[in-house]
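Okay, so here's the structure we're looking at.
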Amino acid sequence: MFAKSFLGSGAVTAFNALRAFAINKLLAIFLPPAAFACVGQFMNLLTIGQATSSLALQNGWTSLTAQNLKNERQLLGVWRGGIRLTTFAGLFTFVAAVLFCFMAPLETLFPGMNTRLVQAAILFALPGIFATNIISICAAVMNGMGENRKWALINIVTSLWQVVWVAFFLYSGRLSVLSIIATQSIVAGVFAIQIAGKAGFSVKKIWSTAADIREPWLSYALMGLVPMVMTPVVLTVIRTSVAANFGQDAAGIWQSVLKVSDFLFMMMSAVLTVIILPKVSVQQTRQDFFKLFNPLLVRVMGISLVTVVILYLCRGFLVQILFSRAYMGAADYLFYQLVGDFFRAGGFSLALVLIARRETKKFLSVEIGSEIFLAVGSIVLMKFLEFNGPMAAYALENFLYFLVMFIVVRSLKWNTP
């Protein structure tokens, strides 16, 4: 069962990985390392916008859908509550983005780039963020409903379309590179709505119900929003520190090292969310849970170990394929980063348990502590290990995250025997 689910979700995730690879490769070909770092900065802003506008409820959409699938009235009420909260959050984000566009020191955040083009990209990003939220919500609901084919179709078509969009506008030169990144999801969002509607997830149907259940969403919002906002902020601090100590081109090399982790985590997290989250969301006894979860965790760690070893042995080829020869220096700094990626897969699996059980305080305590540790650790270790500092801090942070999460999950209290 694990192998079938892993291979099925893995095939879909492979399309997402190919999409990320193709877009990243196009950017690496067209952009020098310094400009590549600016694109990474812009994508961090997009991540913050997506987090605040969606309240980072993707895991909540999957978990609450799976929990209430047998009670249609309850399910529609939960869906309506989620849509209303997302709508309010989206309006707030759009206002904040417009203010940020004209008040933030963009010339400092994006050195060497035309400020007017950056402002245009931020404004273009608003409908792009809305479309990305639609896609993620529709896909998460299909996952929770067990509509794996529709979940797969949304992900595959979205991936293909984004590659076509970025490739066309990069080659045609009709939009700035930041505006291209900002708008890549718009058409795919319309497609996602159509597919989800065929499974019964339609705004018209949801809005027809009188129920409006919002209370369960609060925990998921906090558990999703805090790390989604903190992570890009921490990465911005690290990137700024790297640039200040080693130069803007070095920041681009660090960005490429980080991208390798992003590729790997994107694949692992997508697969694990599909396999683990719906299963651990179902009410069960402590004994049944660990009987289900322990073998899953062992398999995840085993697959993660094999993956990072292969990537390390092929690191030179990997960097050349993912980026270009201008980024070959990244291959020398992948060891610590991949060690961190090994523990990151296990830590994420354990974190999904806390998310499904709505252990908000425990989850946030570990998340906030780990993000602060990464920021401080990167700055401190740069003084001792120089450019290897951020990567070593990443490895240590993920090891401690896995260890703490393992202890927390084992010590959870259960209402059932």
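Once fully extended, how much extra length lies between N71 and A96, figured as 0.36 nm per residue of separation less the alpha-carbon to alpha-carbon distance?
Working: separation 25, 0.36 × 25 = 9.00 nm, distance 3.75 nm.
Result: 5.2 nm gained on full extension.
With the contact rule set at Cα under 8 Å and sequence spacing of 6 or more, what percent relative contact order holds for the chain? Intermediate values should be presented prior to the final figure.
Values: 549 pairs, mean separation 96.0, N = 417.
Computed over the chain, the figure is 23 percent.
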Rounded to the nearest whole Å³, what is the per residue volume of the convex hull around the Cα atoms of the range 260-417?
102 Å³
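How large a share of the accessible area of the range 62-190, in percent, is made up of carbon and sulfur atoms when the probe is 1.4 Å and the other protein chains stay in place?
67 percent
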Would you mind checking the range 45-72 for residues with the amide N under 14 Å from a putative spin-label position 7 Å along Cα→C-beta of R214?
55
Count of lysine pairs, the chain, Cα-Cα under 21 Å, sep. 8 or more residues or interchain, comes to 19
Per-residue ellipticity at 222 nm for the chain, helices alone: DSSP H runs ≥ 4 residues times -39500 (n - 2.57), over residue total, nearest 500 deg cm²/dmol?
-29000 deg cm²/dmol
Which trypsin sites (Lys or Arg not before Pro) from the range 364-417 combine a DSSP loop assignment with at most 15 other Cβ atoms within 10 Å?
K413
Label-point separation (nm) for I156 and T240, each offset 7 Å from Cα along Cα-to-Cβ?
4.4 nm
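Is the shape of the range 115-224 rounded, prolate or oblate, going by the alpha carbon gyration tensor and its root eigenvalues a ≥ b ≥ c, with a/c under 1.5 for rounded and a/b larger than b/c for prolate? Don't skip to the end; give the middle numbers.
On the way: a/c = 2.54, a/b = 1.66, b/c = 1.53.
Prolate.
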Label model pair V187, R325: point-to-point distance (7 angstrom along the Cα→beta-carbon line) in nm is 3.4 nm
For the chain, dividing by residue count, accessible area per residue (probe 1.4 Å) in Å² works out to 44 Å²
With +1 on each Lys and Arg Cβ and -1 on each Asp and Glu Cβ, how big is the dipole of the chain about its Cα centre, in debye rounded to the nearest 20?
1140 debye
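May I ask you to compute the full-extension gain from V309 to V376, defined as 0.36 nm times their residue separation minus their alpha-carbon distance, rounded to one decimal in nm?
Numbers: separation 67, 0.36 × 67 = 24.12 nm, distance 2.78 nm.
Stretched out fully, the V309 to V376 stretch lengthens by 21.3 nm.
For the range 290-417, give the magnitude of the charge dipole about the Cα centre (Cβ charges: +1 Lys/Arg, -1 Asp/Glu; no others), in debye to the nearest 20.
Details: 12 positive and 7 negative charges, 113 e Å.
Charge dipole, the range 290-417, about its Cα centre: 540 debye, nearest 20.
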Sticking with the crude label model, points 7 Å out along Cα→Cβ, report the distance from Q287 to Y171 in nm, one decimal please.
6.2 nm
Where Rh denotes the Kirkwood radius from the mean inverse Cα pair distance, what is Rg over Rh for the chain?
0.95
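The values are calculated or read from the model by the stated rules, or taken from the named source; none is laboratory data. Computed from a prediction, not measured in an experiment: that's the story for all the values here. Cβ sites come from the backbone with ideal geometry, for glycine too, and all protein chains shown count toward neighbours. With ligands, DNA and RNA removed, areas are computed over all heavy atoms of the protein, side chains included. Shrake-Rupley method; radii C 1.70, N 1.55, O 1.52, S 1.80 Å.
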